[in-house]
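Input: a single structure, listed below in structure tokens.
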Amino acid sequence: MNFVEELKWRGMVHDLMPGTEERLQKEMTSAYIGFDPTADSLHIGHLVSVMILKHFQRAGHRPIALIGGATGMIGDPSLKSAERNLLDEATLRHNQDRIKKQLAKFLDFDSDAPNAAKLVNNYDWMKDYTFLNFIRDIGKHLTVNYMMAKDSVKKRLSAESNVGMSFTEFSYQLLQGYDYLYLYQHEGCRLQMGGSDQWGNITTGTELIRRTLGSEAEAFALVCPLITKADGGKFGKTESGNVWLDRRYTSPYKFYQFWLNVSDDDAAKYIKIFTALGREEIASLEKEQAEAPHLRALQKCLAREVTRMVHSEEDYRAAVEASNILFGNATSEALKKIDEDTLLSVFEGVPRFEVSRDELAAGIKIVELCTDKAAVFPSKGELRKLVQSGGVSVNKEKLTDYDAVISSHDLLNGKYLLIQRGKKNYYLLIAK
């Protein structure tokens, strides 16, 4: 597999240094991408970099994931309008441990293969490096003029930004450049990859290697485009913020729904970037989508593949079942099987009413519960009419008896009742 060719047809190459492709075709090569540990989970914005490393390993090369424990303490100025808050070491170490577990789902770290992935942390080689030694050994190789010419620096120093840049952030590219030099010398790393916003930092690394080790030292760079949405909006952001890989922040159901609801244009682009499906399979899906766009073959396949990869087959199936509860003809049995977090995710935004757990324990007529205790229906008469016409369900079971009694035994997860009025109106009653 030609790695660069693979990335190109997937739309994942923005720029690369001359000679990169030839180097990779010549022999197994080690390459790295850095991950910022300022949160204890990656989000889907990081998935592009993760997939690049995954394809790199599939092509027979050796991927290195660098956790930026040291650089994360400073913050990268690229595409940032202001300086970020600095994190302490304990927080960073916690975040690194979490990120390691997430990366292990995509990369083979544990096999005996010569191209087994490796995870490194730049804090390990920076923590004992004194400031005086660093500026003497590393700082002398790059001029201030060279560093000032980088776009990330120029934009922040421009008159329009009116923000300026501290020496801390100005030094970031020198630290990232040293990472590349260190990995070049200690891990045989010959390529650094990342997003297009990293081009300046990465080429600083290649320049530092050349100036430190001589012009015969070959170091390469490859960057992917920043992913956008077809409507120009920012990829990976929702009304509630980032879409995270950790289920504590984004439930598998919400994660699945994010991919399922992307536009047709975005689905055609994302299926190449965020899955490992081959050309023929993707071409077949595109044909299917063109012939029957309403069936959303691309979105369904994209949501399936990414949810399985990030979470599990079981989580994917649970997300599909949960989707059917809201949009399909799911049974009461399916509803009873879903966990509380998924239930709340599915019915996020529907009207909610608190009802007395004690009254439910004693048993209460549905007509009283849904009119007097919770204003699901404006009147008992309307409830009676809808029950007679088969338009009321409790926990996805049609209500046939206007005088039916509801008790705490009917609660989902020991806490919830789902009332459905007509086809699309849902109400969640919460026992307190």
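The values are calculated or read from the model by the stated rules, or taken from the named source; none is laboratory data. These numbers were taken from a predicted model, which means no experiment stands behind them. Backbone-built Cβ (ideal geometry, glycine too); neighbour counts: all protein chains shown. All accessible areas refer to the heavy atoms of the entire protein, side chains included, with ligands and DNA or RNA removed. Shrake-Rupley method; radii C 1.70, N 1.55, O 1.52, S 1.80 Å.
Results, tabulated for the structure shown:
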{"read-out": "Those residues of the stretch 372-393 which are open to solvent by less than 30 Å² (accessible area, probe 1.4 Å) and at negative phi, in sequence order", "value": "A374, V376, F377, L383, V387, G391, V392, S393"}
{"read-out": "The stretch 394-406 residues that are buried (at least 16 other Cβ atoms within 10 Å of the Cβ), paired with ones that are part of a loop (DSSP other than H, G, I, E, B) (beta carbon under 8 Å, 6 or more apart)", "value": "V394/A404; K396/A330; K396/T331; I406/G363"}
{"read-out": "Top-ranked residue in the stretch 267-281 [being under 18 Å from S49 (Cα atoms) and open to solvent by less than 20 Å² (accessible area, probe 1.4 Å); ranked as farthest from the chain's Cα centre (by Cα)]", "value": "L277"}
{"read-out": "Test for Y402: is it in contact with a Lys or Arg (Cβ under 8 Å, 6 or more places away or on another chain) and of a type in the set (S, T, Y)", "value": "yes"}
{"read-out": "Any pair with Cβ under 8 angstrom, 6 or more apart, that starts in the stretch 420-432 at a residue that is closer than 11 Å to G391 by Cβ and ends at one that is assigned to a loop (DSSP other than H, G, I, E, B) and among the aromatic types (F, W, Y)", "value": "R421/F377"}
{"read-out": "Qualifying helices (runs of 4 or more DSSP H) (wholly inside the stretch 282-371; at least 3 residues being of a type in the set (A, V, I, L, M) and open to solvent by less than 20 Å² (accessible area, probe 1.4 Å))", "value": "297-310, 313-327"}
{"read-out": "Selection within the stretch 89-125 - part of a loop (DSSP other than H, G, I, E, B) and without any contact (Cβ under 8 Å) to a residue 12 or more places away in the chain", "value": "A104, F109, D110, S111, D112, A113"}
{"read-out": "Filtered residue count, the stretch 24-33, keeping only those that are touching a strand residue (DSSP E or B) at 6+ places or on another chain (Cβ under 7 Å) and open to solvent by less than 40 Å² (accessible area, probe 1.4 Å)", "value": "5"}
{"read-out": "Scan of the stretch 99-124 for residues that are among the small types (G, A, S) and surrounded by fewer than 20 Cβ atoms within 10 Å (Cβ to Cβ), ordered by number", "value": "A104, S111, A113, A116"}
{"read-out": "Total residues in the stretch 161-192, condition surrounded by fewer than 24 Cβ atoms within 10 Å (Cβ to Cβ), of a type in the set (A, V, I, L, M) and not in a helix (DSSP H, G or I)", "value": "2"}
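Conditions (1) under 24 Å from Q25 (Cα atoms); (2) touching a Ser or Thr at 6+ places or on another chain (Cβ under 7 Å), marked per residue:
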position	(1), (2)
M148	no, no
L208	no, no
V223	yes, yes
Y253	no, yes
Y256	no, yes
